[in-house]
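Where a number appears in this text, it was derived from the coordinates with a stated rule and is not lab data. Please read these numbers as outputs of a predicted model, since none were measured by experiment. Here the Cβ positions follow ideal geometry from the backbone for every residue, glycine too, while neighbour counts run over all protein chains shown.
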Ligand code: GLA
């Protein structure tokens, strides 16, 4: 599942006639804590082995030339005149980062950049954050600037929110930048404090792609849900002293305000409030090594995403249902923004192969769709990957 970095460097050279320098950023899967990030809540994602590689070489003419090997097309703009003018295509994610870093005061000269990724698109695995963070790593190196993770992730989120126009939270960019291999990351999306948590050795994280695609900027669903959540949050904030964000609200707070908000807002907010509690409970289960409990919490999280948040779809529900019935599956749920995409499953290590075979076969029988499944281990984020590259170079001296 790894993009061939050497091949990308070679193709950059063939195309632009100069050697470039390569930077990588992974994709992510969220174990639990869905749609909690933009109300200051808790999430528990991990990075996975899919990656984007960004190769950069300087150029003299002040142009930023982006080439996507995946799409086979190029887009160029004058670095000095990058404004908020998105084109509704792949280049927005990279140009958006150039724009967002400029807002942060990070100035660069002209450059050529080759991008290549193997992250499945529209699958809820953060292909966009992967492109953003890989681009940012390359640009920051070129500028000779080292941003702390909070500013790096925030700049990439700005690219997504303001340039691309998808009003997402901070989870994806933060974990894609800051994850560490063998660990899940519990992130407090308000303080941006995080804790790295080990997963038990005898379980595997299996991602199953329903093959139903979504794109956050297109799908009305994400923005609609966010609107419903924010409307409900506003009511709770007004009515309950001490509640600044849903993060601070208890179920009792929310219930006390139920008749002052729409039924939709109430259900969306109930998902958020219960989901924050589930992240806390999952952490405790992980620290106890209690996979059974963790799996039960995942199942409850799926029901909440499906019924209260209304962000699942028939195919994904079928995939979760099939997975939950397999031997050795502790828990299964939709992951990411929703409305399609992938499920995340916690499976006993020695049952993984049978699990994948059975799920693919039964899902095909039920829907006619061939799902793709990936067995994942928690991977390094972009900062750790860069540190690894530096360490390898130091070691070679
Ligand atoms: C997308 C967004 C995240 C988060 C999730 C849902 O991945 O980019 O910020 O809101 O959906 O948990």
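Of note:
- Comparing 258, 332, 136 in a Gaussian network model of the chain, where Cα atoms under 10 Å apart are tied by springs, the biggest mean-square fluctuation is seen for 258.
- Of all DSSP bridge pairs formed entirely within segment 43-155, close to 70 percent run antiparallel.
- A simple spin-label model places the labels of residue 10 and residue 350 4.2 nm from each other, with each point 7 Å out along Cα-to-Cβ.
- In this simple spin-label model, placing a label point 7 Å from the Cα along the Cα-to-Cβ direction at both residue 182 and residue 325 gives a separation of 3.8 nm.
- Full extension of the chain between residue 259 and residue 78 yields a length gain of 59.8 nm, computed as 0.36 nm times the residue separation minus the alpha carbon distance.
- Over the residues of the chain, the helix contribution to mean residue ellipticity at 222 nm works out to -13500 deg cm²/dmol, using -39500 (n - 2.57) for each DSSP H run of at least 4.
- Diffusion coefficient, µm² s⁻¹, Stokes-Einstein with Kirkwood Rh over alpha-carbon pairs of segment 277-397 at 37 °C and 0.692 mPa s: 204
- Counting every pair of alpha carbons in segment 203-376, the share spaced more than 19 Å apart comes to 59 percent.
- In segment 24-111, the C-alpha radius of gyration followed by the widest Cα-Cα span (Dmax) gives 16.0, 46 angstrom.
- Sorted by Cβ density within 10 Å, fewest first, the residues 196, 31, 42: 196, 42, 31
- Exposure proxy ranking, count of Cβ atoms within 10 Å, fewest first, for 275, 150, 89: 89, 150, 275
- For the chain, the convex hull drawn through the C-alpha positions has a volume of 143 cubic angstrom per residue.
- In this rough spin-label picture, where each label sits 7 Å from Cα along the Cβ direction, the residue 252-residue 307 distance is 2.3 nm.
- Radius, Kirkwood style, for segment 336-376 when every pair of distinct Cα atoms is counted (Å): 11.3
- Here the residues 36, 8, ranked from fewest to most Cβ neighbours within 10 Å of their Cβ, fall in the order 8, 36.
- Among beta bridges from DSSP that stay inside the chain, the antiparallel ones total about 90%.
- Here the Gaussian network model covers the chain, with springs between Cα atoms less than 10 Å apart; of 322, 334, 297, 322 fluctuates the most.
- Alpha-carbon centroids, segment 356-377 and segment 160-176: separation in whole Å: 29
- GNM result for the chain, Cα springs below 10 Å: residue of 27, 179, 349 fluctuating most strongly: 349
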